Amino acid sequence: MMTGEEPKPEQARWLEAYLILLADHGLNASTFAARVVASTGADLTSAMVGAVGALKGPAHGGAATAAMKMLNQVGGPEKAEAFVIDVLDKHGRLMGFGHRVYRTYDPRATILRQLVQSANPTFYAVASKVEEVALRELLARHPERPNATNVDYYSAGVLAGAGLPHEYFTCAFAASRIVGWSAHVLEYMGKDGRILRPASQWIGPDPSQRVVAKA
Ligand SMILES: CC(C)(COP(=O)(O)OP(=O)(O)OC[C@H]1O[C@@H](n2cnc3c(N)ncnc32)[C@H](O)[C@@H]1OP(=O)(O)O)[C@@H](O)C(=O)NCCC(=O)NCCS
């Protein structure tokens, strides 16, 4: 429907593998957002809209687009080493690396890495070299909190190989994750559905010690 032509069977298979792999993933930021909205008694559609908003950011579902833009700037496999070191020396973020929960290689990335070798060999040539340097440097700089390849890194190459422009990557993520969001919300609505309301903690000066200036 996007191109007016039937996709090749292998393109459909790459997209299908992607859609299955990303369908659900515990209490990630967008699923949490969906649950918060549902917990207020709002309807399913509103919970999905809340989740889409949370997904969009580059720290979450926007990371595949950001990874593709980053890899387009590298300028070839031979420039990977200098590129990665420059980003890290400037305290920048390497998109497609790191995870709030995982400290090891994301198992979904292992599957996508295999797919991308046939889905997008040009992408793989640069991405695999950048990954090699990134894993080495991230570990050397922060051995106490290892950050490895996450699902979004090779997603970018697989989705591009399936024929999606990078502006559609986050939409593809949402099309997959809506399954997980819905399952979480329906489960939550089916239970006692108490409102999710975390507390915040005041860490400023103790108000009881406040000195009031005399006029
Ligand atoms: C996912 C992410 C938001 C997790 O953040 P986090 O839980 O706060 O990260 P950590 O606790 O491991 O530690 C952050 C530190 O490790 C380093 N770090 C983490 N991810 C990094 C990355 N992708 N590139 C470079 N450095 C990174 C930073 O030096 C950071 O140090 P700082 O506190 O001086 O800024 C973060 O890794 C990130 O921004 N990744 C890139 C975006 C991305 O791919 N998102 C998709 C996630 S599935």
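When the stretch 65-99 is filtered for residues that are charged (D, E, K, R) and either in a helix (DSSP H, G or I) or more than 7 Å from the ligand (Cβ to nearest atom) (or both), the ones remaining, listed by number, are K69, E78, K79, E81, D86, D89, K90. Close contacts from the stretch 89-104, counting a first residue that is at positive phi and a second that is polar (S, T, N, Q) and more than 6 Å from the ligand (Cβ to nearest atom), with Cβ to Cβ under 7 Å and a gap of 6+ residues or different chains, come to G96/T149. Return yes when V116 is crowded, with 21+ Cβ neighbours inside 10 Å, more than 12 Å from the ligand (Cβ to nearest atom) and in a helix (DSSP H, G or I) and no when it is not. When the stated conditions are applied, V116 passes them. Inclusion of T110 among residues that are within 30 Å of A183 (Cα to Cα) and either of a type in the set (S, T, N, Q) or part of a helix (DSSP H, G or I) (or both) is warranted. If you filter the stretch 1-24 down to residues that are without any contact (Cβ under 8 Å) to a residue 12 or more places away in the chain and not in a helix (DSSP H, G or I), you find that the one that is most open to solvent (accessible area, probe 1.4 Å) is M1. Away from the ligand (no atom under 16 Å from the Cβ) and either open to solvent by 50 Å² or more (accessible area, probe 1.4 Å) or not in a loop (DSSP other than H, G, I, E, B) (or both): does that describe V49? Answer is yes for this residue.
Conditions tested, residue by residue: (1) under 25 Å from G75 (Cβ atoms); (2) without any contact (Cβ under 8 Å) to a residue 24 or more places away in the chain; (3) not acidic (D, E).
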residue: A119; (1), (2), (3): yes, no, yes
residue: K129; (1), (2), (3): yes, no, yes
residue: R136; (1), (2), (3): yes, yes, yes
residue: Q209; (1), (2), (3): no, yes, yes
residue: A213; (1), (2), (3): no, yes, yes
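Looking at this structure, is S176 part of a helix (DSSP H, G or I), of a type in the set (S, T, N, Q) and over 30 Å from A127 (Cβ atoms)? No, not satisfied.
One line per residue, one yes/no per condition, for (1) at pLDDT below 95; (2) among the hydroxyl-bearing types (S, T, Y); (3) within 14 Å of the chain's Cα centre (by Cα); (4) open to solvent by less than 80 Å² (accessible area, probe 1.4 Å):
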{"site": "P77", "(1), (2), (3), (4)": "no, no, no, yes"}
{"site": "F83", "(1), (2), (3), (4)": "no, no, no, yes"}
{"site": "Y102", "(1), (2), (3), (4)": "yes, yes, yes, yes"}
{"site": "D106", "(1), (2), (3), (4)": "no, no, yes, yes"}
{"site": "V126", "(1), (2), (3), (4)": "no, no, no, yes"}
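The values are calculated or read from the model by the stated rules, or taken from the named source; none is laboratory data. Fair warning: this is a prediction, and the values are worked out from it, not measured in the lab. Neighbour counts run over all protein chains shown; Cβ positions are idealised from the backbone, glycine included. All accessible areas refer to the heavy atoms of the entire protein, side chains included, with ligands and DNA or RNA removed. Shrake-Rupley method; radii C 1.70, N 1.55, O 1.52, S 1.80 Å.
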